1. Starting from residues that are acidic (Asp, Glu) and under 12 Å from the mean Cα position of the chain (by Cα), keep the ones in the range B:31-82 and report whichever is surrounded by the fewest Cβ atoms within 10 Å (Cβ to Cβ).
2. Counting only residues that are farther than 22 Å from B:GLN41 by Cβ and free of Cβ contacts under 8 Å to residues at least 24 places away in the same chain, how many does the range B:56-113 have?
3. Return a yes/no flag: does the range A:49-69 have any residue that is more than 14 Å from chain B (Cβ to nearest Cβ), among the basic types (Lys, Arg) and either farther than 26 Å from B:GLU59 by Cβ or touching a Lys or Arg at 6+ places or on another chain (Cβ under 8 Å) (or both).
4. Just checking: which of the strands (runs of 3 or more DSSP E) contained wholly in the range A:36-113 hold 2 or more residues that are modelled with pLDDT of 95 or more, basic (Lys, Arg) and on the phi < 0 side of the Ramachandran plot?
5. Taking only the range A:1-35 into account, find how many residues are closer than 16 Å to A:LEU66 by Cα and either in contact with a Phe, Trp or Tyr (Cβ under 6 Å, 6 or more places away or on another chain) or assigned to a strand (DSSP E or B) (or both).
6. Residues of the range A:65-113 being among the hydrophobic types (A, V, I, L, M, F, W, C), in contact with a strand residue (DSSP E or B) (Cβ under 7 Å, 6 or more places away or on another chain) and farther than 30 Å from B:HIS29 by Cα, which ones?
7. Mind checking which residues of the range A:96-113 are touching a helix residue (DSSP H, G or I) at 6+ places or on another chain (Cβ under 9 Å) and either within 19 Å of A:PRO34 (Cβ to Cβ) or facing another protein chain (nearest Cβ under 7 Å) (or both)?
8. If I go through the range A:72-93 residue by residue, how many of them are within 21 Å of B:GLN37 (Cα to Cα) and under 9 Å from the mean Cα position of the chain (by Cα)?
Amino acid sequence: GENVEQHPSTLSVQEGDSAVIKCTYSDSASNYFPWYKQELGKRPQLIIDIRSNVGEKKDQRIAVTLNKTAKHFSLHITETQPEDSAVYFCAANVPEYGNKLVFGAGTILRVKS
Amino acid sequence: EPEVTQTPSHQVTQMGQEVILRCVPISNHLYFYWYRQILGQKVEFLVSFYNNEISEKSEIFDDQFSVERPDGSNFTLKIRSTKLEDSAMYFCASNTGENTEAFFGQGTRLTVV
């Protein structure tokens, strides 16, 4: 079945610096890759997603890149701010049998001011 | 903006008791999911539901678990005889189909004592 690996598990950056989180997936049938931000005790909130027909997508300070051949995708946050501090999860869908999401283990991002 | 709603927000139950977690997915969505997140861990898939039947379930979703869509709006998760290890945050999610955004409810924190 699908397996999603996420690195690093924790990431500390200085305010204004960039942060990069990387994920790999195993199922070549996956075609949808969302990134979620989760604050303590809250629901996962979608921050950006990418479908397999594109290689890059950007939304203001957030961008995601996808390499289908290598089966990896990355989240890039530029000009980080303290309010970016949270846990970030990548995920990949499994189109067969219900289109579930398989999540990575999460990255705790700390932005130091 | 439409959202997935879950009740209750927090449920405390005695080991061995039955619990029912309730969800109201977004009205035009077709796929419904339950996920679980043990404190400090990643989000794990439990079950997906489409066209009034389970389309996939994980190893976690054993005979103690069941789902139901009793009417046109509610989607419930029942745990027949709760165990201490069932303590977690349970998230309901829904979407319109393959490779579309999954909208998560705010979660039900289940504590089994």
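The values are calculated or read from the model by the stated rules, or taken from the named source; none is laboratory data. Source: prediction; values computed, not measured. Methodologically, a virtual Cβ is constructed for each residue, glycine included, from the backbone with ideal geometry; neighbour enumeration extends over all protein chains shown.
1. B:GLU68
2. Here the count works out to 10.
3. Yes, the range A:49-69 contains a residue that is more than 14 Å from chain B (Cβ to nearest Cβ), among the basic types (Lys, Arg) and either farther than 26 Å from B:GLU59 by Cβ or touching a Lys or Arg at 6+ places or on another chain (Cβ under 8 Å) (or both).
4. Those strands (runs of 3 or more DSSP E) span A:56-59, A:107-112.
5. 14
6. Within the range A:65-113, A:ILE77, A:ILE108, A:LEU109, A:VAL111 qualify.
7. Answer for the range A:96-113, where residues must be touching a helix residue (DSSP H, G or I) at 6+ places or on another chain (Cβ under 9 Å) and either within 19 Å of A:PRO34 (Cβ to Cβ) or facing another protein chain (nearest Cβ under 7 Å) (or both): just A:LEU109.
8. So the answer is 4.
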